[in-house]
Amino acid sequence: MQIPYYQIDAFITDSQFSGNPAGVCLLDHLLPDSTLQNIAFENNLSETAFIIDRHDYYELRWFTPTVEVDLCGHATLAPAYLILKHLHPNLETVKFKSCAGELIASKTINDMIEINFPSRPPESCKIPKGLIEAIGLAPSAVYKSRDHLLIYNSEEQVRSISPNMFGLGKVKCFGVIVTSVGDKSDFVSRFFAPSVGVPEDPVTGSAHSTLIPYWANRLKKKKLHAYQLSQRGGELFCNHLDDRVSMAGQCKIHIKGEICL
């Protein structure tokens, strides 16, 4: 069995080898979950997306090397870019159906791809045991949606964080977002999820479902320019749409070929 496969860098910046690499597998029928998980493990990327063309929409699922996840931004942007720019360039929008509901991706006037996600506003919470010790730097505030959101006072603080990944992997949480106002952008962030096989994610669209409503409320603006301060770096152009958020970015195909099973 041969599966068409692409590795696509999503939310890239002007630098080469930036953004977040996503695996995209084009299936003609759904494979067993164990097979999908093993493919994602073999790819060893933060997420691999599996899509099936259902004519009016694409079925979409996302897997880290160790688990299936409920929402992923860069591995939605990547298959949307593949479909809208390469497979069906005559289309202006594409619809995905996922465990997070219906997701729409569209071309923008400035040659980006924009994805539309549910908003996940954070709420104040108790700090999980061991979280601050594992992160290594006390935040000014802690919130929670799916992920824990840690607020810092400067971009320099966010850049300086060097978590104890073993300790962080034992904390009872899915992922940890650290964020502050940006020096050259509205806000910056980083994302850690060692408990699901992603020590530090290069660019995390799903985290921006939480970051966008937080910063839109704090900065009193709906359109936001975001930068993720990973080693690779990533750039997102965001919009707060009340109960939804949108994120636009650039992509680039890095690898194309076939997976042989």
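Here, each number is a calculation from the coordinates, and none is a lab measurement. These figures come from a predicted structure and were not determined experimentally. Because the Cβ atoms are built from the backbone with ideal geometry, glycine has one as well, and the counts that use them run over all protein chains shown.
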Final fewest-first order of Met165, Met1 on the 10 Å Cβ neighbour count is Met1, Met165
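Which whole-number percent gives the relative contact order of segment 123-246, counting Cα pairs below 8 Å spaced six or more residues apart? Can you show the working numbers first?
Details: 239 pairs, mean separation 22.9, N = 124.
Relative CO of segment 123-246 lands at 18 percent.
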Cα centre as origin, Lys/Arg/Asp/Glu Cβ charges: the chain dipole, Debye:
680 debye
If you wrap a convex hull around the C-alpha atoms of the chain and split its volume per residue, what is the figure in Å³?
120 Å³
Could you check the spin-label model distance between Glu102 and Asn90? Points 7 Å from the Cα along Cα→Cβ, value in nm.
2.3 nm
Treat segment 123-246 as a sphere of radius equal to its Kirkwood radius over Cα pairs and apply Stokes-Einstein at 20 °C in a medium of 1.002 mPa s; give the translational diffusion coefficient in µm²/s, rounded to a whole number.
150 µm²/s
Of Lys97/Lys252; Lys144/Lys221; Lys184/Lys252; Lys126/Lys223; Lys170/Lys221; Lys144/Lys222, which ones are farther than 28 Å apart at the Cα?
Lys126/Lys223; Lys170/Lys221
Alpha-carbon radius of gyration plus Dmax, which is the widest Cα pair, for segment 173-261 in Å:
14.6, 51
How would you order 32-45, 174-187 from highest to lowest mean count of nearby Cβ atoms within 10 Å?
174-187, 32-45
